[in-house]
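> Take a look at the following structure, please.
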Amino acid sequence: MLSRFIIITLSSAFLSVAQGNDQIVTLKKNDPAPFSGTLFSTGAAARIAIELENKDTACGLKIAEAVDKQKAFDKFQLDLKQASLDSCLEKYTVVVDLKQNQIDVMTEQLKKNTGPQPVWWFSGGVVGGIAVSLLTAYAYSHISAANSR
């Protein structure tokens with residue numbers, strides 16, 4: 001939008017400038033004019049020059065105001081996105097911390113609730129296997145002795 005404003009302003013300034021043989025001639029009353037055209041009094045010419053200068057200043061002020069508004073809007077949008085990004089970062093940092101704490105608590109519970117050590121399981125299995133083998137051999141010997149009679 002700002003670029004459209006600048007283009008329109010500059011094009012109207014170039015189109016409004018008189019093209020051709022511009023001449024300024026000071027005349028006295030009853031002097032013949034050296035060319036056809038519009039005659040301005042000195043006061044009117046000064047007023048037109050001042051108006052043109054004021055229009056340039058006003059245009060510059062409008063452009064500066066539009067630029068400042070756009071800069072403020074852009075800064076607002078940037079700050080808004082930065083706040084959103086900071087909020088998401090804080091949220092995910094909190095979630096990661098909570099998950100890490102949960103992992104730590106569950107690890108501690110696992111260490112506390114761990115049953116007998118694997119060495120005890122191995123020893124128990126060996127002793128149990130020997131006992132089962134001895135009982136099986138004893139039972140087989142009794143069955144063999146009973147069948148022999």
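> So the check is Cβ under 9 Å with 6+ separation or different chains; which pairs have a first residue in the range 69-89 that's free of Cβ contacts under 8 Å to residues at least 12 places away in the same chain and of a type in the set (V, I, T) and a second one that's surrounded by 10 or more Cβ atoms within 10 Å (Cβ to Cβ) and not in a helix (DSSP H, G or I)?
none
> From the list Q77, Q70, exactly one residue is on the phi < 0 side of the Ramachandran plot, surrounded by 11 or more Cβ atoms within 10 Å (Cβ to Cβ) and in a helix (DSSP H, G or I). Which is it?
Details: Q77 fails: surrounded by 11 or more Cβ atoms within 10 Å (Cβ to Cβ).
Being on the phi < 0 side of the Ramachandran plot, surrounded by 11 or more Cβ atoms within 10 Å (Cβ to Cβ) and in a helix (DSSP H, G or I) holds for just one of Q77, Q70, which is Q70.
Residues are listed down the side, and each one gets a yes or a no for (1) in a helix (DSSP H, G or I); (2) modelled with pLDDT of 90 or more; (3) of a type in the set (D, E, K, R):
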{"residue": "A33", "(1), (2), (3)": "no, no, no"}
{"residue": "G37", "(1), (2), (3)": "no, no, no"}
{"residue": "L85", "(1), (2), (3)": "yes, yes, no"}
{"residue": "T107", "(1), (2), (3)": "yes, yes, no"}
{"residue": "L110", "(1), (2), (3)": "yes, no, no"}
{"residue": "V127", "(1), (2), (3)": "yes, yes, no"}
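> Does T57 satisfy the condition of being under 57 Å from the mean Cα position of the chain (by Cα), in a helix (DSSP H, G or I) and either among the β-branched types (V, I, T) or on the phi > 0 side of the Ramachandran plot (or both)?
Yes, satisfied.
> Filter the range 10-31 for residues that are polar (S, T, N, Q) and assigned to a loop (DSSP other than H, G, I, E, B); which is modelled with the highest pLDDT?
Here the answer is N30.
The values are calculated or read from the model by the stated rules, or taken from the named source; none is laboratory data. All of these numbers come straight from a predicted model, not from anything done at the bench. FYI the Cβ positions are ideal-geometry reconstructions off the backbone, even for glycines, and counts take in every protein chain you see.
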